Amino acid sequence: MSAFERIAREAYDRKNPWRPISQAKPGPDICELRTNDMVGLTDLGRARFILHEDGEWYRIEPPERMWKDRLVEYRPIGTQLSPNRIRSVVHRAKQGKYEYRGGVLYRKPKAYKLYWRADD
């Protein structure tokens, strides 16, 4: 890490400090999260999260509901999601990995198999 990268990172850390998870309020703010893994604090990489009105944390991409028992700190990154995008993320996280259309579940198609191979 060069000196300029370190200075930029320190400035970002001063602008967006880590806060206890108990202070988090639902809203459109995009946040980073830290967990306690019994060894120390662990950042969740470049993943971004939102806190919804139901009190659950949701990962934005790919959409999924996050566990709350290990979350320790959060840090807003200074941008917000639109209400439509929030509804989309929460809906896709609750629906799961497969697609629903008109109340019918359409599973992803299996990969193409050559005709001489036996079924798995």
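The values are calculated or read from the model by the stated rules, or taken from the named source; none is laboratory data. The structure displayed is predicted, hence computed values, not measured ones. Neighbour counts are summed over all protein chains in view; Cβ atoms, including those assigned to glycine, are modelled from backbone coordinates with ideal geometry. Note: accessible area is taken over every heavy atom of the protein model, side chains too, but ligands, DNA and RNA are not part of it. Shrake-Rupley method; radii C 1.70, N 1.55, O 1.52, S 1.80 Å.
Some points to look at:
- Some residue of segment 26-37 being surrounded by fewer than 14 Cβ atoms within 10 Å (Cβ to Cβ), on the phi < 0 side of the Ramachandran plot and without any contact (Cβ under 8 Å) to a residue 12 or more places away in the chain: no
- Of the residues making up segment 48-75, those that are more than 11 Å from the chain's Cα centre (by Cα) and either assigned to a strand (DSSP E or B) or among the small types (Gly, Ala, Ser) (or both) are Gly55, Leu71, Val72, Glu73, Tyr74, Arg75.
- Close pairs (9 angstrom Cβ cut-off, 6 or more residues apart or separate chains): more than 24 Å from Ala11 (Cα to Cα) and open to solvent by less than 100 Å² (accessible area, probe 1.4 Å) in segment 65-80, outside any strand (DSSP E or B) and of a type in the set (S, T, N, Q) anywhere: none
- Restricting the first member to segment 40-57 and to residues that are within 20 Å of Ile86 (Cα to Cα), and the second to residues that are modelled with pLDDT under 85, the beta-carbon pairs closer than 9 Å and six or more apart or on different chains are Gly55/Lys68; Glu56/Lys68; Trp57/Trp67; Trp57/Lys68.
- Filtered by the rule that a residue be modelled with pLDDT of 85 or more, loosely packed, with under 13 Cβ neighbours inside 10 Å and part of a loop (DSSP other than H, G, I, E, B), segment 81-120 gives a lone residue, Ser82.
- Reported count of residues in segment 45-64, each being under 15 Å from Asn16 (Cβ atoms) and either surrounded by 14 or more Cβ atoms within 10 Å (Cβ to Cβ) or aliphatic (A, V, I, L, M) (or both), is 2.
- Scanning segment 28-47 for residues that are in a loop (DSSP other than H, G, I, E, B) and either modelled with pLDDT under 90 or touching a His at 6+ places or on another chain (Cβ under 6 Å) (or both) yields a count of 8.
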